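The values are calculated or read from the model by the stated rules, or taken from the named source; none is laboratory data. These numbers come from a predicted model, not from an experiment. Quick reminder, even Gly has a Cβ in these numbers, built from the backbone with ideal geometry, and neighbours come from all protein chains shown.
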Amino acid sequence: MIRLLALRNLLLRPWRSALLLLGYSLGVAVMIVLLSIGEALLAQARDERLVGGGSITVLPEGIDVEVMKTGGLGGMFFSIDHARFIYQQLLAAPRLRPFVSAVAPQIEDKLLYARTVDGRELNVMAGGDIPSRNSGVGAEPAIAAGAWRDDTLDRVWRDPTPRELRDAIDHFHLPAAGARGDPTWAEWHYFNVLSSDRRHWAFISYIVGGAVPEGEWGGQVLVTLHDQGGGERRFVASVPRTAVRFSTTAADLAIGSSSVTILPDGRYGLHAIAREERTGASLNLDLVVTPAPYAYFPGAALASGNVESGYVVPGLRASATGTICVAQRCDRYDDAQAYHDHNWGTWRGVTWEWGASRAGAYTLLYGRVQASDSATRQPLFVYLVDSLGFLGLFRPADIHYVDGRTVRASTGATIRVPSTATMIDARGDDSLRIDLTIEDATATDTRGPGAERGDALASRKLARPYFVQMKGLMRISGRVGGRTIAGEGSGFFETYR
C-alpha cells in the first residue's frame, strides 16, 4: 500500500516529490559528513603523536605539520634548539605576559636508543612534559593513581636559580673526539671592566689550554690593564695542569691561587694573583661581577673540519665591584660597567669579528668566526637585549671599517687600525644601524706567545696576524617590533689586521 501511494504521489506531483527527495538526500549527506568528522576528532584525541592543550603550537621553522602527523621523513628527529632559552626569554618572558597566560614545553614520540646491561640496543619512543606547565594549558592527563607533579629537574628547567643558570650555560667542556690532543684547544672565562670615567679598563682571562685532558696542557691567568692613550700593562700567572681544577657541570674554575667562583646568588667572585711581564710587579684582583637579569646569550657551538668553536655570554650586561691592586696601589670599582663571556674550541687559523656594548637602555652583541680554510664569508650576527631580555636578532652582511688610526703593535710594527665602523641590516619591518667610534686600540702579534683571548698557550698562523682590541662608543638607531629605538654607550670590539 505504501509503495502504491508513493508511486501515485510521484506521478501526480513529480516536482514536489523530487524536491522532497533532494532535501532528504542532503540531510543524509550532512549526517554522514558530521559522523565522519566526529570519528576523525575522536581518533585524533586518542593519537599519542599529537600534542594537546593551549591555543598555539610552536614548532621548528620548516616543519610540515601534516607530514609530521603522517610520519614522513620531514617530520622525523626534529627538535627546537635552545628550547629552555626560547621558553624563558621569548614565550614565558615578561615581555609577553600581557598576551600569554601559560606555556608548556612538550616532547612527543622522540626516538631514543636504550642500551641494556647485556649490551643490546633498543629503539624506544619517549615523551616529556612538565606537569605544572601542562596543567596551565589544559593538557594534564587523567591520573588513575598516584600524583603527577613537578620534580626538581622540572623546576630547574623552567625556573632555575641564578646559580643553576650559570652552571648550566657556563660550565667547562672536554674536547670532542676530533679535537682530542689538539694543542690549540683552549677554553676560558673572560671578563672586562670599565671605570666610571671610561678612561681605565681591564681585560681578565682565566684560560685552560693545550692537549686537554691526556696530553700537555695547563692554566693561565692573564690580566691586561689599559689607560686611554697610555698603553697597557700585562700580568700573567701560568700553572701546570695539576694546579687546574675545572668542572663539566659547574662554572667554577681554579688556576693555582686564582679562581672564578659562582656565589649562591649567581654573582661571580673573581680572584687573581699575577705578575707583570716586564717589571715583575704583583697584581692582586678581587672583584664581584653581577650579571643583569635576562641579559645573556645562551650560546652557540660551531664545527667545521678540524675547527671547533663554542661561545656563550652569561653576563652581556653586568656590573663589577671590588679592587685591582698593583704593587700595593689599589683602584676601586663600584658598580662599574662589566661584561663576561665563555669560549672554548680549537683556534688554529681562526679569526673573528666581535663586539659588545651598551647603548643607552639597550645592550648589543655582534660577532662572526672565520676559519682560514673557509671559502665563504658568513654574515655577522647581532643580538639585541633590553631590560626585559631578548629583543631582536639581525644579520648584517659585513662590518665596514675605516682604518683611520695607527698603533704600534707588540712587536714594534706600525699597524693601521679602525677609527670608525658601520653595520646595517633590515629584517622584515625591523631595521638596525650600528655606528662605532674607536677611542683607543691595541694590536698584538698572534705569531708570538701571550696573545689575549685564549691564545696564551699556543700561537696561531694567520693571514692577518695582528689581533686588534678596541674600546669606543656604539650608537644604534632603528626600529624593532614597531617601536623606534636609539641609544649610545661604551663597549669593546675586536678584529684582525
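Some values worked out for this structure:
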{"read-out": "Every residue from the range 244-280 that is of a type in the set (A, V, I, L, M, F, W, C) and either over 19 Å from Leu165 (Cβ atoms) or buried (at least 18 other Cβ atoms within 10 Å of the Cβ) (or both)", "value": "Val244, Phe246, Ala251, Leu253, Ala254, Ile255, Val260, Ile262, Leu270, Ala272, Ile273, Ala274"}
{"read-out": "Residue in the range 188-209 that is assigned by TED's automatic domain parsing to the domain that holds Ala274, surrounded by 18 or more Cβ atoms within 10 Å (Cβ to Cβ) and farther than 30 Å from Val326 by Cα present", "value": "no"}
{"read-out": "Selection count, the range 147-170, where residues are of a type outside the set (A, V, I, L, M), closer than 10 Å to Gly266 by Cβ and part of a helix (DSSP H, G or I)", "value": "5"}
{"read-out": "Residue within the range 147-160 that is in contact with a Leu (Cβ under 7 Å, 6 or more places away or on another chain) and over 30 Å from Ala320 (Cβ atoms) present", "value": "no"}
{"read-out": "Residue in the range 197-208 that is within 30 Å of Ala356 (Cβ to Cβ), in contact (Cβ under 8 Å) with a residue 40 or more places away in the chain and touching a helix residue (DSSP H, G or I) at 6+ places or on another chain (Cβ under 9 Å) present", "value": "yes"}
{"read-out": "Residue selected from the range 341-386 under the condition of a type in the set (Ser, Thr, Tyr) and at pLDDT below 95, by the criterion nearest to Asp435 (Cα to Cα)", "value": "Thr351"}
{"read-out": "Which numbered condition Val137 misses (of (1) in the same structural domain as Gly315 (by TED's automatic domain parsing); (2) buried (at least 18 other Cβ atoms within 10 Å of the Cβ))", "value": "(1)"}
{"read-out": "Every pair of residues 6+ apart whose Cβ atoms lie under 6 Å, when the first sits in the range 467-485 and is assigned by TED's automatic domain parsing to the domain that holds Val417 while the second is part of a strand (DSSP E or B) and exposed (fewer than 15 other Cβ atoms within 10 Å of the Cβ)", "value": "Gly472/Thr437; Leu473/Thr437; Ser477/Ala486"}
{"read-out": "Sole exception among (1) out of contact with any Asp or Glu (no Cβ under 9 Å at 6 or more places or on another chain); (2) surrounded by 10 or more Cβ atoms within 10 Å (Cβ to Cβ); (3) assigned to a helix (DSSP H, G or I); (4) outside the structural domain of Tyr339 (by TED's automatic domain parsing) for Lys110, by number", "value": "(3)"}
{"read-out": "Residues of the range 470-494 classified as of a type outside the set (A, V, I, L, M) and either closer than 14 Å to Asp440 by Cβ or outside any strand (DSSP E or B) (or both), total", "value": "9"}
{"read-out": "Matching residues in the range 387-410 - criterion: being crowded, with 17+ Cβ neighbours inside 10 Å and either at pLDDT 95 or above or part of a strand (DSSP E or B) (or both)", "value": "Gly389, Phe390, Leu391, Gly392, Phe394, Pro396, Ile399, Tyr401, Arg405, Val407"}
{"read-out": "Residue check for Glu140: acidic (Asp, Glu), part of a loop (DSSP other than H, G, I, E, B), touching a Pro at 6+ places or on another chain (Cβ under 8 Å) and farther than 16 Å from Trp347 by Cα", "value": "yes"}
{"read-out": "Any hit, the range 352-374, residues being in contact (Cβ under 8 Å) with a residue 24 or more places away in the chain, in contact with a helix residue (DSSP H, G or I) (Cβ under 9 Å, 6 or more places away or on another chain) and either over 22 Å from Ser490 (Cα atoms) or part of a strand (DSSP E or B) (or both)", "value": "no"}
{"read-out": "Pairs where the first residue, in the range 316-328, is within 25 Å of Leu388 (Cβ to Cβ) and the second is assigned to a strand (DSSP E or B) and basic (Lys, Arg), C-beta under 7 Å, 6+ apart", "value": "Arg317/Arg358"}
{"read-out": "Residues that are without any contact (Cβ under 8 Å) to a residue 60 or more places away in the chain and not small (Gly, Ala, Ser), drawn from the range 268-290", "value": "His271, Ile273, Arg275, Glu276, Arg278, Thr279, Asn284, Asp286, Val288, Thr290"}
{"read-out": "Any helices (runs of 4 or more DSSP H) falling wholly within the range 1-96 and containing at least 1 residues that are modelled with pLDDT under 75 and more than 22 Å from the chain's Cα centre (by Cα)", "value": "2-12, 14-45, 65-70"}
{"read-out": "Condition met for Arg149 (within 30 Å of Met474 (Cα to Cα) and basic (Lys, Arg))", "value": "no"}
{"read-out": "Residue ID - surrounded by the most Cβ atoms within 10 Å (Cβ to Cβ), chosen from residues in the range 411-445 that are free of Cβ contacts under 8 Å to residues at least 24 places away in the same chain and assigned to a loop (DSSP other than H, G, I, E, B)", "value": "Ser419"}
{"read-out": "Answer residue from the range 143-169, given it is more than 17 Å from the chain's Cα centre (by Cα) and of a type in the set (A, V, I, L, M) and is nearest to His340 (Cα to Cα) among those", "value": "Val156"}
{"read-out": "Only one of Gly322, Gly305, Gly310 that is in contact with an Asp or Glu (Cβ under 6 Å, 6 or more places away or on another chain) and either surrounded by fewer than 22 Cβ atoms within 10 Å (Cβ to Cβ) or at pLDDT 95 or above (or both)", "value": "Gly322"}
